[in-house]
Amino acid sequence: MGFNHDAVESAVVFLFCNIRKNGKIHKGVITTKASNKSSKEVSNMSKQIESFMEKVVKKNPGETEFHQAVKEVAESVIPFIEKNPKYKKAKILERIAEPERVIMFRVPWLDDKGEVQINRGFRIEMNSAIGPYKGGLRLHPTVYLGLLKFLAFEQVFKNSLTTLPMGGGKGGSDFDPKGKSDNEVMKFCQSFMTELCRHIGPNTDVPAGDIGVGGREIGYMFGQYKRIRNEFTGILTGKGLNWGGSLIRPEATGYGCVYFVEAMLKHKGDTLKGKTCAVSGSGNVAQYTVEKVNQLGGKCVTLSDSNGTIYDPKGIDEKKLAYVMELKNVKRGRIKEYAKKYGCKYMEGKRPWGVKCDVAFPSATQNEISKSDAQELVKNGCMAVGEGANMPTTPEAITVFQNAKILYGPGKAANAGGVAVSGLEMSQNSQRLSWERADVDKKLQGIMIAIHRTCVKYGKEGKHVDYVKGANIGGFVKVADAMLDQGLV
């Protein structure tokens, strides 16, 4: 029996899950929007999704972020699969949800006191159907297997949407670079790469940076790889410009997210010009989000870190942004210092989502926008959300945005700019070339517009575009077709 896609897409699904917030586990219920279609269709599809998720949860116990990410994709893709039984027969979604390879290893290193420290390293090689594994390395105390599997799973769809030949992967360690000396970071990175180098290569797996991994860490890791393998090759992206890096790579995730939001607004006959924007985070993604919003005529009024949020109603202009970059990238200080310098409001322990804005750019970490945050944003007139971070919006909050029919750009589409330029860096390395800044920026903008076009193609519902459905199905189709072509591997 076939199913009406619109009916089953809006099925009501209840699934108890655990959501990890601030290191604690919270019980929750994930639901999708209700439908006015036949209750039989809704119930049948609801059972299929729930049955699929029960198997995923059973096979991956305790990995709450991974469950959440797979569930969000399954709600869009399973109804699509029902209309395209070739994917169902080959169990493509079940195979995509299972990593091709999981690598876990110990990372011993000596601190500045001469004491032995031991961390755990990971690399999740999720799917290589359309190209070498590609995805970042995260260094943060919260890193564990389930978190990286969620990120790797998301990366498969994100990389597919870029149109570039890249599979999906993710890795990292529970090492915390904060408060460590350069020497300690170097010792850790060298030990980490000593094991990781066995599993990566320019045609196998090409990691990049993520939270806690910037130019310093990439440099130390690249140097150790070159030392061990005795070859200079593009096995990492985010490299320094004088040794194989690409222009626009540091800016790419933030720039790309803004380009995507601009495309969503233009599709509705609007632009970012004159819009007030709330941005969370104050690292790489947030910084370049602010820069590109300024260039397009918008005004960003917030930034944040784990301690709190600054609210500057006058806007974070070019001069103020330069101060933030110095504060965060060089001095590694706290955003509170911005409030002291410029005499603006500082909200201790708060996120930016209570501030009145037209556009929100969550650019910090996963699950940072709760249901109540989303309700506050909608109440205050927010018309668009572009996810600069990975899965920063809880399922309940996504439902709030979708019910309000505001423009909601999910991370796998909106923040694909970073990995897109990583792919362009791989191309430059293969050709032994370095492209001009304007050329890379133009390619990035073109990729983000193409991603938007794909989301519209698969997510259009009358006059409204469901960007979650569009991104999930658009990312799925390319990977799924490649998997069918390559057989049962």
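The values are calculated or read from the model by the stated rules, or taken from the named source; none is laboratory data. What you are looking at is a predicted structure, and each value in this text was computed from that prediction instead of being measured. For neighbour counting, all protein chains shown are included, and Cβ atoms are generated from backbone atoms with ideal geometry for every residue, glycine included.
Structure data summary
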| quantity | calculated |
| --- | --- |
| Residue match in segment 60-72 (condition: over 20 Å from the mean Cα position of the chain (by Cα), surrounded by 13 or more Cβ atoms within 10 Å (Cβ to Cβ) and under 23 Å from Y144 (Cβ atoms)) | yes |
| Count - residues of segment 372-426 that are among the hydroxyl-bearing types (S, T, Y) and without any contact (Cβ under 8 Å) to a residue 60 or more places away in the chain | 2 |
| Residue identified as over 30 Å from G169 (Cα atoms), over 23 Å from the mean Cα position of the chain (by Cα), outside the structural domain of L151 (by TED's automatic domain parsing) and touching a residue at least 60 places away in the same chain (Cβ under 8 Å) among K345, K356 | K356 |
| Qualifying position, being of a type in the set (A, V, I, L, M), more than 20 Å from C277 (Cα to Cα) and out of contact with any Cys (no Cβ under 7 Å at 6 or more places or on another chain), among A389, A420 | A420 |
| Checking I25 against (1) within 27 Å of A413 (Cα to Cα); (2) modelled with pLDDT under 95; (3) among the aliphatic types (A, V, I, L, M), the condition it does not meet | (1) |
| Residue match in segment 263-276 (condition: part of a helix (DSSP H, G or I), in contact (Cβ under 8 Å) with a residue 12 or more places away in the chain, hydroxyl-bearing (S, T, Y) and assigned by TED's automatic domain parsing to the domain that holds Y338) | no |
| Residues of segment 297-342 satisfying the condition of being of a type in the set (S, T, Y), within 17 Å of V285 (Cβ to Cβ) and either touching a residue at least 60 places away in the same chain (Cβ under 8 Å) or in contact with a Pro (Cβ under 9 Å, 6 or more places away or on another chain) (or both) | T302, S304, T309 |
| From the options S434, S422, residue that is closer than 30 Å to F232 by Cα and within 18 Å of the chain's Cα centre (by Cα) | S422 |
| Residue list for segment 430-489, restricted to those being among the hydrophobic types (A, V, I, L, M, F, W, C), in contact (Cβ under 8 Å) with a residue 40 or more places away in the chain and more than 22 Å from G167 (Cα to Cα) | W435, V456, V465 |
| Residue satisfying condition, being more than 24 Å from N415 (Cα to Cα) and touching a Cys at 6+ places or on another chain (Cβ under 9 Å), within set Y346, Y338, Y342 | Y338 |
| Residues of segment 136-172 satisfying the condition of being at negative phi, buried (at least 24 other Cβ atoms within 10 Å of the Cβ) and part of a strand (DSSP E or B) | G136, L137, L139, G168, G169, K170, G171 |
| Qualifying residue in segment 279-292 (condition: more than 30 Å from R432 (Cα to Cα) and surrounded by fewer than 16 Cβ atoms within 10 Å (Cβ to Cβ)) | no |
| Tally, over segment 73-98, of residues that are surrounded by 19 or more Cβ atoms within 10 Å (Cβ to Cβ) and of a type outside the set (G, A, S) | 12 |
| Residues within segment 337-359 that are in a helix (DSSP H, G or I) and either surrounded by fewer than 16 Cβ atoms within 10 Å (Cβ to Cβ) or at pLDDT below 95 (or both), tallied | 3 |
| So E425, is it in contact with a Ser or Thr (Cβ under 8 Å, 6 or more places away or on another chain) and assigned by TED's automatic domain parsing to the domain that holds V290 | no |
| Condition check for V440: among the β-branched types (V, I, T), buried (at least 24 other Cβ atoms within 10 Å of the Cβ) and not in a loop (DSSP other than H, G, I, E, B) | no |
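Each row is one residue, and each column tells you yes or no for (1) modelled with pLDDT of 95 or more; (2) outside any helix (DSSP H, G or I); (3) surrounded by 24 or more Cβ atoms within 10 Å (Cβ to Cβ); (4) of a type outside the set (A, V, I, L, M, F, W, C).
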| residue | (1), (2), (3), (4) |
| --- | --- |
| K178 | no, yes, no, yes |
| E184 | yes, no, no, yes |
| K187 | yes, no, no, yes |
| M193 | yes, no, yes, no |
| M221 | yes, no, yes, no |
| R227 | yes, no, no, yes |
